[in-house]
1. Would it be correct to say that K33 is open to solvent by 50 Å² or more (accessible area, probe 1.4 Å), in contact with a strand residue (DSSP E or B) (Cβ under 7 Å, 6 or more places away or on another chain) and either under 19 Å from Q132 (Cα atoms) or touching a residue at least 12 places away in the same chain (Cβ under 8 Å) (or both)?
2. It is to be established whether one or more residues within segment 218-227 are closer than 15 Å to E167 by Cβ, within 21 Å of the chain's Cα centre (by Cα) and buried (at least 18 other Cβ atoms within 10 Å of the Cβ).
3. Would it be correct to say that S147 is open to solvent by 10 Å² or more (accessible area, probe 1.4 Å), at pLDDT below 95 and among the polar types (S, T, N, Q)?
4. Go through segment 232-254 and report how many residues are small (G, A, S) and not in a helix (DSSP H, G or I).
5. Can you tell me which condition A119 does not meet? The list is (1) without any contact (Cβ under 8 Å) to a residue 12 or more places away in the chain; (2) under 27 Å from T206 (Cα atoms), and all the others hold.
6. Can you pull out the residues in segment 236-268 that are open to solvent by less than 60 Å² (accessible area, probe 1.4 Å) and small (G, A, S)?
7. Mind checking whether some residue in segment 194-206 is within 19 Å of the chain's Cα centre (by Cα), within 20 Å of I171 (Cβ to Cβ) and open to solvent by 80 Å² or more (accessible area, probe 1.4 Å)?
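The values are calculated or read from the model by the stated rules, or taken from the named source; none is laboratory data. Fair warning: this is a prediction, and the values are worked out from it, not measured in the lab. Cβ sites come from the backbone with ideal geometry, for glycine too, and all protein chains shown count toward neighbours. Just so you know, the surface numbers come from the protein's heavy atoms only, side chains and all, with ligands and any DNA or RNA stripped out. Shrake-Rupley method; radii C 1.70, N 1.55, O 1.52, S 1.80 Å.
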Amino acid sequence: MHDQAEALRNLIRNNERIATGKGTRIITVTSGKGGVGKSNFSLNFALALQRLGKSVLVFDADIGMANLDVLMGHSSTYSIYHLLKQDKTIWDIIQLGPQGLHFVAGGSGMNELLQLSDAQLEKFIDQLDKLQGRYDYLLFDTGAGLSKEAASFIAAAHETIVVTTPEPTAITDAYALMKMVRSLGHDPAFRLVVNRAMDRREGLQTADKMAMAAQKFMGIEVPLLGIIADDPNVSRAVKQQTPFSIAYPATEATRGIQALARAYLDLPAQREATSGGVKGFLNKMIRLMK
């Protein structure tokens, strides 16, 4: 374990990609309710982006219900908690998942954030700011529903992917989440993913309902990013503690997540990644959490 961690730190240090104009995009993934496959989406979306040549770092930001490492069958040594306590550096807590995916395990660490002194907070921000330019994407998998922490991530990120299913309760809760964030005075850039759709028609109908309600009652557009099929191999992969796109590379859900990742990379950015960078994101997030 120690040798792997040291190798990972050396890999990151030796492959610095900071360059003028090079931005790191910050994506929040959220959902209105639990059980819609949000964390599974986050994990496999990150892997799909990586297969397309992008460098991704996934943060498990689901306070109290962190489970990304469980989905990977990975026993985490360190988490964001150890960085907050300043026992470890950012390079120490980044871990190596399947197919070399970089991730930071969750836990209760974010609860400690607001208890830091100004000097400690500055050190914490400086550590995370080292990620600027070293990854194409920082992906934060937040908790389901609207907590103050989740709202802060959503408002501070460059964009937010909202995951829902065609179930009426999931649609209603996803809409309520977006409406509540807007009512707090935030104007995030939302994109929609419909998970567990019986077929493409059902996925499009779900997206149309969300889009019409968002336009009519909030005056915003919520573009559809993609549809992922209701695929029995996904639950099999969860039981195997292996990402479904690795366990079942030819299955329908994997084809869907790969198509979705390709579509995402072809879209124009809704918010510029260079504005404020990682430090700007963190400062805004912390300000909103207070």
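1. On the way: open to solvent by 50 Å² or more (accessible area, probe 1.4 Å): yes; in contact with a strand residue (DSSP E or B) (Cβ under 7 Å, 6 or more places away or on another chain): no; either under 19 Å from Q132 (Cα atoms) or touching a residue at least 12 places away in the same chain (Cβ under 8 Å) (or both): yes.
No.
2. yes
3. yes
4. Going residue by residue through segment 232-254, those that are small (G, A, S) are 235, 237, 245, 247, 250, 253.
Still in the running and not in a helix (DSSP H, G or I): 250.
Number of matching residues: 1.
5. (2)
6. Listed by number, the residues that qualify are A237, S245, A247, A253, G256, A259, A261, A263.
7. Scanning segment 194-206, I find at least one residue that is within 19 Å of the chain's Cα centre (by Cα), within 20 Å of I171 (Cβ to Cβ) and open to solvent by 80 Å² or more (accessible area, probe 1.4 Å), so the answer is yes.
Residue-by-condition table, conditions (1) open to solvent by 20 Å² or more (accessible area, probe 1.4 Å); (2) among the charged types (D, E, K, R); (3) within 21 Å of L43 (Cα to Cα):
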site	(1), (2), (3)
G100	yes, no, yes
E122	yes, yes, no
L128	no, no, yes
D136	no, yes, yes
F140	no, no, yes
A157	no, no, yes
E167	yes, yes, no
A174	no, no, yes
